[in-house]
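Please read the structure below before turning to the comments.
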Amino acid sequence: MDGTSSSTAPGDLFGPLVADRARVGRGSTAQRVADVLRDRIAEGALPPGTRLSEEALGAALGVSRNTLREAFRLLAHGRLVVHEINRGVYVRVLGPDDVTDIYTVRRALEIAGLRAAPTAPPERLGALAGAVSGGEAAARAGDWAAVGTADLRFHRVLGGLAGSPRIDEYLNRLLAELRLAFLAMPSPKRFHEPFLPRNRRLTELIQRGALHHAEAELDGYLTDAQQMLLDTMGKNDT
């Protein structure tokens with residue numbers, strides 16, 4: 001990664017974070033700061049390649065450099081930022097190998113959730129349908145960033161059907177990392193729109209108990225999404 005960000009001035013990027021001071025609180029902790037930055041990265045407010053200036057962030061959030069450095073360490077553990085020696089900390093730019101690895105792990109975790117669907121509590125299955133409806137509503141409103149958020153929620157809930165706190169934790173981290181790849185897509189609508197009906201179909205198959213067909217649908221779904229991301233990365237490299 002060359003560390004290049006958009007032409008937006010650092011002050012313009014970090015200035016809105018002043019509104020997040022209340023979340024950090026007077027007795028601020030690195031975890032709270034990391035949560036704020038994670039949310040801003042997921043929203044696309046701090047896009048991949050952005051240099052995270054300690055001076056600008058410290059002024060915006062009203063925290064010390066030591067607190068920020070600990071927050072950066074937490075974000076690096078979640079693979080959301082990278083530290084480049086003598087250059088600073090940057091929001092990660094995912095490469096093809098990252099995407100391939102993420103989808104390999106996603107398959108394992110989400111298929112585990114799907115297979116547990118027959119014994120999952122009704123409220124979890126309801127949350128799956130709710131995520132689908134949320135994505136469809138966001139699409140009707142033309143809010144494709146919200147469609148992406150609903151899609152990630154759908155897959156988080158799908159893995160969560162397993163009822164495993166560890167699967168929930170690992171999938172949350174994976175999907176937060178994957179959001180970095182989503183943000184690099186030139187057209188969120190073109191990327192997310194084809195998967196809206198597939199989310200609906202997958203949910204209906206699970207509700208009917210057709211798990212063999214649902215698993216085949218999920219496998220094809222993840223293969224297609226992975227390939228779309230890899231194709232875009234390949235075009236960007238040429």
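The values are calculated or read from the model by the stated rules, or taken from the named source; none is laboratory data. From a predicted model like this one, the values you see are computed outputs, not experimental measurements. Every residue, glycine among them, receives a Cβ derived from its backbone with ideal geometry; neighbour counts consider all protein chains shown. Ligands, DNA and RNA are stripped out before the accessible areas are found, and what is left, the full protein with its side chains, is counted by its heavy atoms. Shrake-Rupley method; radii C 1.70, N 1.55, O 1.52, S 1.80 Å.
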### Query
SER133 label point, 7 Å along Cα→Cβ, cut-off 19 Å on backbone N: hits in the stretch 195-210?
196-208
### Summary
Per the 1/(1 + (r/R0)^6) rule, R0 = 45 Å and r from the Cβ atoms of GLN207 and ARG65, FRET efficiency to 0.05 is 0.30
### Query
How long is the gain from HIS83 to ASP231 if the chain were fully straight, where each residue apart is worth 0.36 nm and the alpha carbon distance is subtracted?
50.6 nm
### Task
For helix 96-115, report the angle its Cα long axis makes with the longest principal axis of the Cα atoms of the chain; keep it between 0 and 90° and round to the nearest 10°.
40 degrees
### Expected 222 nm ellipticity per residue - DSSP helices of 4 or more, -39500 (n - 2.57), all of the chain, to 500
-22500 deg cm²/dmol
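Counting only protein heavy atoms, what percent of the accessible surface of the chain is carbon or sulfur at a 1.4 Å probe?
Values: 6040 of 11890 Å².
Within the chain, the accessible surface is 51 percent carbon and sulfur.
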### Message
Under 10 Å, Cα contacts only: if you run a Gaussian network model on the chain, which one of ASP168, ASP35, ASP101 comes out with the highest mean-square fluctuation?
### Response
ASP101
### When the convex hull of its Cα atoms is projected in every direction, mean area for the chain (nm²)
13.6 nm²
### Query
Considering the stretch 41-160, what Rg and Dmax in Å follow from its alpha-carbon atoms?
18.2, 53
### Query
Considering only protein heavy atoms, what per residue accessible area in square angstrom results for the chain with a 1.4 angstrom probe?
50 Å²
### Query
How far is helix 30-43 tilted off the main Cα axis of the chain, in degrees rounded to 10, range 0 to 90?
60 degrees
### Query
Roughly what angle does helix 211-237 make with the longest principal axis of the chain, taking Cα atoms, 0 to 90 degrees, to the nearest 10?
40 degrees
#### Entry: Convex hull of the stretch 191-232 built on C-alpha atoms - directionally averaged projected area, nm²
2.6 nm²
#### Entry: Linear extension gain, GLU55 paired with THR104, 0.36 nm per residue minus alpha-carbon span
13.8 nm
### Query
Calculated FRET efficiency, THR223 and ALA45, Cβ-Cβ r, R0 41 Å, to nearest 0.05?
0.85
### Message
If I model a spin label at ALA145 and ARG115 as a point 7 Å from the Cα along the Cα→Cβ vector, what separation in nanometres do I get?
### Response
3.8 nm
